[in-house]
Each structure stands twice: as C-alpha cells, then as structure tokens.
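The values are calculated or read from the model by the stated rules, or taken from the named source; none is laboratory data. As the structure is a prediction and not an experimental result, all values here were calculated from the model. Note that each Cβ is placed from the backbone with ideal geometry, even for glycine, and that neighbours are counted across all protein chains shown. Remember, those area values only see protein heavy atoms, side chains included, never the ligands or the DNA or RNA. Shrake-Rupley method; radii C 1.70, N 1.55, O 1.52, S 1.80 Å.
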Amino acid sequence: MQWTLVIPLKPLARAKSRLSDTADDGVRPGLALAFAQDTVAAALACPAVGDVAVVTNDALAGRELVALGARIVPDEPGGGLNAALSHAAAVVRSTRPESALAALNADLPALRPLELARVLDAAAEFPRAFLADAATIGTTLLAARQDAELLPAFGPDSRARHRASGATELPLTEVDSVRQDVDTGEDLRAALALGVGPRTAAAAARLLIPGQ
C-alpha cells in the first residue's frame, strides 16, 4: 500500500513558541523550517510513501519543501490544525480517491524512513490508526485507509481523543524516531540523542545546547 502523507505547518514566524527556553524569536523560525525539511526528506525516502502534501501558507517553507519533492496545499480554511488537515485530506482525495492517507507531524527531525514504513504497514491493518508521541499524551501520526475518513483530532490530549474517535492505537516498539516530536528544549535534546537530519543538526549546533 502506498500512502500520501499530509503534513501541517503553521507560519514559521508563529511556530515552536514553546521552544523559547532554548531558542529566541530570531532563531525559532529557522529551527521550525529545519524540522520540517528533515521530516519531509525522511518521509519521501520511505518506501511506503508515494506522495507528501504539506498544508501551509508560509511562502518560504513552501518553496523549500517543494524543492525537496513535496507538494503544497494552501491552508485555505485558516481554522486551525484539524481544519487544515481535513482540507488537505479532501484535496488529496479529490485527485486520488484511492489513496491511503496519514497525517504526520512536521516536527520529527529524527525521523527514520524504515521506522515510518513499519508504522504505516501496521496502520494498513485498520481503517483508522494512530501512533502516540513520546510523551504518550499526543499523537504524531494518524492514518486512514482508502475506505475511511481521516477525522483528525489533534491538540491537547490527542491520544485520548483519537482513541475515543474509534482509531486504533498502534502499540509498536522501536519506532522512537516517529514518536519524538519537538515542542520543548527537552524534546530537542531527546531528538538529538536519537540522531537528527542534517538541517536540524546544523541549526541546533548554533544553539550550543548542553549535552548535544
């Protein structure tokens, strides 16, 4: 099964505000872009992924991610994360109704293509499935087969919300790179310990993070 990944990315100037303990206002936009670039590059290298659609209105991010091979879906609703994902899913399905869809966070800089493939292969067994984040509170991936709607419920406590929506939680081990999203300085250190992509590594090196 080939998947289309839908990756939401808010305007870089407003991204990653919780990283203020580690990166100041002048650094965070570039760091958020580096996360997204490494996430998209790894996703496109995954053998189970046929297409990556990034939903964003950020012009710089759009240009950089198109250069990597992604396509851009404008965030026309402007109604927040779940509205953006639902809109992008509808756009993808309007041209590829047979496509299996998966929403993936844009802040997975340690993402490994083969670990992502394991998650998607497991998700293919269920109409809808999700993977909890490293903190076991949120969600980093929500998948829907061709015969199911995505029905995203990201946000606070999204693990519980996706479970309540009927999606199956994937109890996988050894897929840490797909779970490790980055919202805080502690998250970034955990991602660096796993091994991040080249753009994030270069951006993080300028932060002089202790223990890096």
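Beta bridges from DSSP with both residues in the chain: antiparallel share about 40 percent, rounded to the nearest 5.
Using the per-residue mean of other Cβ atoms lying within 10 Å as a proxy for protection, in what order, highest first, do the peptides 176-183, 93-100 fall? Could the numbers behind the result be given before it?
Working: 176-183: 23.1, 93-100: 13.2.
Per-residue mean Cβ counts within 10 Å order the peptides as 176-183, 93-100.
Roll a 1.4 angstrom probe over the protein heavy atoms and tell me the percent of accessible area of the chain that is carbon or sulfur. Its accessible area is 54 percent carbon and sulfur atoms. Positive-end ranking of A41, A160, L19 along the dipole of the chain, with charges on Cβ about the Cα centre, is headed by A41. Angle, helix 59-68 long axis vs. longest principal axis of the chain, Cα atoms, 0 to 90°, nearest 10? The helix 59-68 is inclined about 70 degrees to the chain. For region 1-61 and region 123-187, what is the centre-to-centre distance using only Cα atoms, to the nearest Å? Region 1-61 and region 123-187 have Cα centres separated by 17 Å.
Working from Cα pairs under 8 Å separated by at least six residues, relative contact order for the chain is 24 percent.
Most tightly packed first, judged by the mean number of other beta-carbon atoms within 10 Å of their residues, the peptides 138-146, 79-87, 103-111, 6-14 read 103-111, 138-146, 6-14, 79-87. Divide by every residue of the chain the summed helix terms, -39500 (n - 2.57) for each DSSP H run of at least 4, and state the resulting mean residue ellipticity at 222 nm, rounded to the nearest 500 deg cm²/dmol. For the chain, the value works out to -11500 deg cm²/dmol.
A simple spin-label model places pseudo-atoms 7 Å from Cα toward Cβ; at S94 and A124 they are separated by 2.9 nm.
3J(HN,Hα) along region 129-143, derived from phi through the Karplus expression 6.51 cos²θ - 1.76 cosθ + 1.60 where θ = phi - 60°, amounts to 8, 9, 10, 6, 7, 5, 7, 6, 10, x, 9, 9, 8, 10, 10 Hz, with x in place of Gly and Pro.
Express in nm, to one decimal, how much length is gained between T136 and S17 on full extension, taking 0.36 nm for each residue of separation and deducting their alpha carbon distance. Write down the numbers at each step before the final one.
Values: separation 119, 0.36 × 119 = 42.84 nm, distance 2.09 nm.
Gain in length upon complete extension: 40.8 nm.
Probe of 1.4 angstrom, ligands and nucleic acids ignored: what's the accessible area per residue over the chain, in square angstrom?
43
Axis of helix 185-194 versus longest Cα principal axis of the chain: the two differ by about 80°, to the nearest ten degrees. Label separation (D147 vs M1): 1.0 nm, computed from points 7 Å beyond Cα along the C-beta direction. Per the Debye calculation on the chain with a single equal scatterer at every Cα and no solvent contribution, log₁₀ I(q)/I(0) for q = 0.07, 0.08, 0.09, 0.11 Å⁻¹ amounts to -0.18, -0.24, -0.30, -0.45. Computed from Cα positions, the angle between helix 113-123 and the longest principal axis of the chain comes to roughly 30 degrees.
With +1 on the Cβ of every Lys and Arg and -1 on the Cβ of every Asp and Glu, and nothing else charged, how large is the dipole of the chain about its Cα centre, in debye rounded to the nearest 20? Write out the running numbers ahead of the final one.
Values: 20 positive and 25 negative charges, 42 e Å.
Rounded to the nearest 20 debye, it is 200 debye.
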